[in-house]
Amino acid sequence: MKNESKIINPDNYDDFVAAEIPAESENPHLRKMVLKHMIHGPCGPLNASSPCMIKSSGCKSYYPKQFCSASVHGSDSYPIYRRRDTGEMVKVRGHMIDNRWVVPYNAYLLAKYDCHTNVEICSTVKAVKYLYKYIYKGHDRISFQINDVQSTETIDEIEKFRIGHWVSPQEAMWRIYGFDMNEASPSVLSLQLHLPYQHAVSYRPDDDLSYLLMSDYFKKTMLTEFFEANRSCFRQCCYLYSEFPEYFVWNKQGKFWSPRKQGKVIGIIVTASPTEGERYYLRLLLNHVKGPTSFENLRTINDVIVSSFQEAAAMYGLLQIDSNIDDCLEEASHYQMSIFSSATVCYSIVDFKVNGTDENLGGTEIENELKLPILEEDFLCIEKLNSRQKELFDNITNRVFNSQPGLYFVDGPEGTGKTFLYRALLVAVRSQGLVALATVASSVAASILPGGRTAHSRFKIPINIEEFKTCNVGKQTGIAHLMRAAKLILCDETSMSHKAIIEAVDSMLQDVCNTKQPFGGKVVVFGGDFRQVLPVVPKATKEECINASLVSSKLWPLFEKIRLTENMRALEDPSFSLYMLRIGNGTEPEHSDHKVKIPAPMIVPCIDDVASVNDLISGKSFTIHVTVY
């Protein structure tokens, strides 16, 4: 969309979208349409049984909205539309409502089509992404059947979905013929950037590497064939590398450029950081030198071949500081999101790179793990293990020391000694000069385990795991070397982790270890308590949270489940431990609205908020001790 057509100023929002009830005197027809089609609910206190109501958090669409004297840009990608408090109340569906209940609409579309027409301002990329997905959401549908209470019929969810799914003839025809569901115009082609003989090659594990090295086909890339095309038509091809896709088409199968006959494509050279040295200077040259015929040609200045791309860039005058900054901002303004352009202008983004190869970095990662201190108190953990813990300890360490794969999930309520067992396992493995990695979902809990790290930090898990679904670990990086060296991997609090995180770690370990065995054939010990917090899924139902947990993953059946039941922290008050366990297991009698009754001796009498909290912290005025039956 052209800049002059973009709605970027809140002052212009009201020209296209309204969220108020029009006055009778101004437009009676539009007022009638708004009251007929554009009133939400009502819900909340006016109608608690409305379909939009979520049991614990109210209306899923956050109605009623707040009054607002002028439209402003919202913080969550949606604008906050003008909803003035005029004092007028109108009766709709038996309830008195005001402007807070109006769904945003466009006056022209609503008056023309006489139906519910929700119109929103796409003020950010986030809103655009939401609308893009909404197109393919499909219509509402439901399937149901009536079964006998005593029926033992197996529920086939796939068959139920098939029966309830309806596809129109037009959509069916479109999908059968395989027509495109979407398109981008003009399309963008990412142009490869690499130094001589340093391009990436994909191959299968059983391929003959000697053949790959000798094959001319695998030596061809977009960049090398760009040089070849310039050699073939030296006088006609005087384009920059980024301009080349506008006039030539890249053939993926044959790996060659051919003249473009139709359409338009924008070419963008993949980014390179100044810390990458020669690769960065090669990119500078490709952005300024037209029609190069080889890597050597790029390094040729006045018929003299210089030794490096950096020297060539300097002789072209491309290393002047002001020039670099101008070029960076110019490119960002054309190709990057506005937020990145702003960050580039306002901040100095520095990326200091440690001198050393990836192999050296891998050695450093491993060395840091092997240097972790081994404390005597951790050795004492081994001696103090109870019989159940000792049985599991022997089983796991036997697999570690014999290089056998193993997947375990340690389940147990708080206080049953999971962390105690982890410390014993870590010291047993590390004392033998082997690598044992300890990870936890949260940074606070990670500090409890020796050498503990958060899972996101250790495995390079992206924040938005559902979008990227993979860990950012290359096969030749230091982290990959560390993963291959690890003999034991501990992950606590996995009951709170999204299953996509676990599956991404599994995929990453298989990749860096070059094996199809689950988790790369490592001994992996997961732990947690599903009685506590499940994975947090924004605005999700209970069923969606369960579906996001590890128990719903395809990997769950592969784990050997170990249950710890003896509460080591509550030996002096086992009744309290049993009480908490009954709550966690859902066997404690419930009262109204799924609530359990807390015994009176466990309740702190509240006389004054501050004083009561201070007394609870210090334990001065009372002692909590209760027997629960």
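The values are calculated or read from the model by the stated rules, or taken from the named source; none is laboratory data. Model, not experiment: these values are computed from the prediction. Backbone-built Cβ (ideal geometry, glycine too); neighbour counts: all protein chains shown.
Quick check, is Pro557 surrounded by fewer than 15 Cβ atoms within 10 Å (Cβ to Cβ), out of contact with any helix residue (DSSP H, G or I) (no Cβ under 8 Å at 6 or more places or on another chain), modelled with pLDDT of 75 or more and not assigned by TED's automatic domain parsing to the domain that holds Ile502? Criteria not met by Pro557. Here Asn3 meets each of (1) surrounded by fewer than 11 Cβ atoms within 10 Å (Cβ to Cβ); (2) modelled with pLDDT of 90 or more; (3) not aliphatic (A, V, I, L, M) with one exception, condition (2).
Figure legend. Inter-residue proximity from the range 516-533: first residues among the polar types (S, T, N, Q), second residues surrounded by fewer than 19 Cβ atoms within 10 Å (Cβ to Cβ) and assigned to a helix (DSSP H, G or I), beta-carbon distance below 8 Å, spacing 6+ or different chains. Indicated pairs: Gln517/Gln510; Gln532/Gly584. Apart from one condition, Phe379 fits all of (1) in contact (Cβ under 8 Å) with a residue 60 or more places away in the chain; (2) out of contact with any Asp or Glu (no Cβ under 8 Å at 6 or more places or on another chain); the exception is (1).
Within the range 68-94, the residues that satisfy the criterion of being assigned to a loop (DSSP other than H, G, I, E, B), closer than 19 Å to Phe16 by Cα and in contact (Cβ under 8 Å) with a residue 24 or more places away in the chain are Ala70, Ser71, His73, Gly74, Ser77, Tyr78, Pro79, Tyr81, Arg82, Arg84. In the range 193-211, the count of residues that are assigned by TED's automatic domain parsing to the domain that holds Ile266, outside any loop (DSSP other than H, G, I, E, B) and surrounded by 12 or more Cβ atoms within 10 Å (Cβ to Cβ) is zero.
Scanning the range 520-552 for residues that are more than 30 Å from Leu434 (Cα to Cα) and of a type outside the set (A, V, I, L, M, F, W, C) yields Arg531, Gln532, Pro535, Pro538, Lys539, Thr541, Lys542, Glu543, Glu544, Asn547, Ser549, Ser552. Taking the criterion of being modelled with pLDDT of 70 or more, in a helix (DSSP H, G or I) and surrounded by 10 or more Cβ atoms within 10 Å (Cβ to Cβ), the residues of the range 577-606 that qualify are Leu578, Tyr579, Met580, Leu581, Arg582, Ile583, Gly584, Asn585, Pro601, Met602. Among the numbered conditions (1) at pLDDT 90 or above; (2) in a loop (DSSP other than H, G, I, E, B); (3) surrounded by fewer than 12 Cβ atoms within 10 Å (Cβ to Cβ), the only one that Pro22 does not meet is (3).
Residues of the range 95-143 that are part of a loop (DSSP other than H, G, I, E, B) and modelled with pLDDT of 90 or more: Asp98, Val103, Pro104, Asn106, Asp114, Cys115, His116, Thr117, Val119.
For the range 280-316, the set of residues classified as within 39 Å of the chain's Cα centre (by Cα) and charged (D, E, K, R) consists of Arg283 only.
Looking for something in a loop (DSSP other than H, G, I, E, B), out of contact with any Phe, Trp or Tyr (no Cβ under 6 Å at 6 or more places or on another chain), charged (D, E, K, R) and within 18 Å of Lys290 (Cα to Cα) - is there at least one such residue anywhere in the range 224-235? Lay out the reasoning, then the answer.
Filtering the range 224-235 for residues in a loop (DSSP other than H, G, I, E, B) gives 233-235.
Next, only the ones that are out of contact with any Phe, Trp or Tyr (no Cβ under 6 Å at 6 or more places or on another chain) stay: 233-235.
Narrowing further to those that are charged (D, E, K, R): 235.
With within 18 Å of Lys290 (Cα to Cα) added as a condition, the list becomes 235.
Yes, the range 224-235 contains a residue that is in a loop (DSSP other than H, G, I, E, B), out of contact with any Phe, Trp or Tyr (no Cβ under 6 Å at 6 or more places or on another chain), charged (D, E, K, R) and within 18 Å of Lys290 (Cα to Cα).
Which residues, taken from the range 184-215, are closer than 22 Å to Leu298 by Cβ and out of contact with any strand residue (DSSP E or B) (no Cβ under 9 Å at 6 or more places or on another chain)? Hits for the range 184-215 are His194, Leu195, Pro196, Tyr197, Gln198, His199, Ala200.
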